[in-house]
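Below is one structure; the comments refer to it alone.
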Amino acid sequence: MAMPRPTVAQLTYGSCTVIFSTLAMLLLSQTSSGPGIAVVVVAAVALGVLVAMTVPVPKPSRAPVAHSTTRSVIRPAARSTASVPASRPEPVTVPARAPVHASVRASVASAPEPVREPTAP
């Protein structure tokens, strides 16, 4: 099982957290020794990973419906009593409802009163 790729937001928040927390900890601790700097860097990377993992991941969006007049529906294949490996479902086309496009010009023209825009004082 492969690990999902990080999003742009996760990379951005994680990287900014590592950079700014490293600078802040180095300035506040005023350390100049090698082991002290190493501890600060390890702590900053751990904090950056924690921040990147807690960024909310967007839910995958549904695929847009094609603008054709038919939709494809998958119907499972009928079961057979023979010991044949399961096959892929057979696609079935079903007529889709046509989108309704009301004419805006016709609906405004048939309005009982004229449309009035507010005037500025």
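Side notes on the structure shown:
- All of (1) in contact with a Ser or Thr (Cβ under 9 Å, 6 or more places away or on another chain); (2) open to solvent by 100 Å² or more (accessible area, probe 1.4 Å) hold for Ala43 with one exception: (2).
- Only a single criterion out of (1) under 30 Å from the mean Cα position of the chain (by Cα); (2) at pLDDT below 70; (3) open to solvent by less than 100 Å² (accessible area, probe 1.4 Å); (4) not basic (Lys, Arg) is not satisfied by Ala52, namely (2).
The values are calculated or read from the model by the stated rules, or taken from the named source; none is laboratory data. Remember, it's a predicted structure, so these values are computed and weren't measured experimentally. FYI the Cβ positions are ideal-geometry reconstructions off the backbone, even for glycines, and counts take in every protein chain you see. We work out accessible area using only protein heavy atoms, side chains counted, and drop any ligands, DNA or RNA first. Shrake-Rupley method; radii C 1.70, N 1.55, O 1.52, S 1.80 Å.
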